[in-house]
Amino acid sequence: MSTPADLPRHRAIVAVDIEGSTTRTNSVRSQLRSVLFELLDEALAAGGIGKKHRDPFVDRGDGALCLIRPFDQLPKTLLLATFVPALTDLLEKHARTLPGLAFRLRVAVHAGEVHRDSRGPYGEDVDIACRLVDAPELKRRLRETTAPLALAVSQEIHRAVVRHGYPGIDDAAFTQAVHIRLGQERLRGRLYAPEARAPQEDITA
């Protein structure tokens, strides 16, 4: 008898990736990976998101996936208003303390339905988060800024969270579009660019 397909569970999805990790030696990569998971734990905890509120981190080699379970006391606004600023501060502090092990991150935030089997999580919404964090526009954004991280959000997160201007979220700073492909479908997200508030293209089309 065949095993029924795994049913999806809703998760907020955060994907992170270390900039330029391929230029580091394997021994340095090992240290960066340890620091990355420590900083993610600490930044999530700053928003009240403990291990009981999320699935175990998914290792992506030079990055990670964070899958956060739905709780009424943990609205998705926390990810943008608390988690991202906390992660920014922690990366800056780490760079000051250990400049030889300083690193920057690309961060993507999405939410949707996640499947899981014995090998880990999968599904269309996981793919969207991974495409966003690897998007050329996000990589370029990080190269063009001195900030410790660059952030992209999916169109779903922008529509449901960002554009409403909730406290702690600068909706006017999400002005630049980021484009990804999922199969034959072309999808759109937004980049966080606080010093570039004026729209640079028509993103309503």
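Just so you know, all these numbers are worked out from the coordinates, no wet-lab data involved. Note that this is a predicted model, so its numbers are computed, not measured. Virtual Cβ from ideal backbone geometry, glycine too; neighbours counted across all protein chains shown.
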Open item on the list: Need one number: nm distance between label points at Arg9 and Arg181, each 7 Å from Cα along Cα→Cβ, rounded to one decimal.
Closed with: 3.3
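Mind checking the full-extension length gain between Ala172 and Ser21? Use 0.36 nm per residue of separation minus the Cα-Cα distance, one decimal, nm. Please list the in-between numbers first.
Numbers: separation 151, 0.36 × 151 = 54.36 nm, distance 3.14 nm.
Between Ala172 and Ser21, full extension yields 51.2 nm more.
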TODO: Lys and Arg at +1, Asp and Glu at -1: add these up for the other residues within a Cβ distance under 14 Å of Leu74 and post the number.
DONE: +4
Open item on the list: Sorting check: for 79-86, 127-134, 28-35, which peptide has the highest mean count of neighbouring beta carbons within 10 Å, and how do the rest follow?
Closed with: 127-134, 79-86, 28-35
Open item on the list: Spelling out what I want: for every residue of the range 70-85, take phi, set θ = phi - 60°, compute 6.51 cos²θ - 1.76 cosθ + 1.60 (Karplus), and round to whole Hz; glycine and proline get x.
Closed with: x, 9, 4, 7, 10, x, 5, 4, 4, 5, 8, 7, 10, 4, 4, x
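State the three equivalent ellipsoid semi-axes of the range 1-150, derived from the C-alpha gyration tensor as the square roots of 5 times its eigenvalues, in descending order and whole Å. Each step should come with its number before you reach the end.
Working: eigenvalues 141, 63, 43 Å².
Working from the Cα gyration tensor, I get semi-axes of 27, 18, 15 Å.
Note down the relative contact order for the chain as a percent, whole number, built from C-alpha pairs under 8 angstrom at least six residues apart. Intermediate results must be reported in sequence, preceding the final value.
Details: 333 pairs, mean separation 43.6, N = 205.
Value for the chain: 21 percent.
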TODO: Calculate, in nm to one decimal, what Asp117 and Thr146 gain on full extension: separation in residues at 0.36 nm each, minus their alpha carbon distance.
DONE: 6.5 nm
TODO: Using a Förster distance of 22 angstrom, determine the FRET efficiency expected from the C-beta separation of Glu38 and Asp89, and round it to 0.05.
DONE: 0.95
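Could you tell me whether the range 96-185 comes out rounded, prolate or oblate from its Cα gyration tensor? Rule is a ≥ b ≥ c as square roots of the eigenvalues, rounded for a/c under 1.5, then prolate if a/b exceeds b/c, otherwise oblate. Mind showing how you got there, number by number?
Values: a/c = 1.70, a/b = 1.21, b/c = 1.40.
Cα axes put the range 96-185 in the oblate bin.
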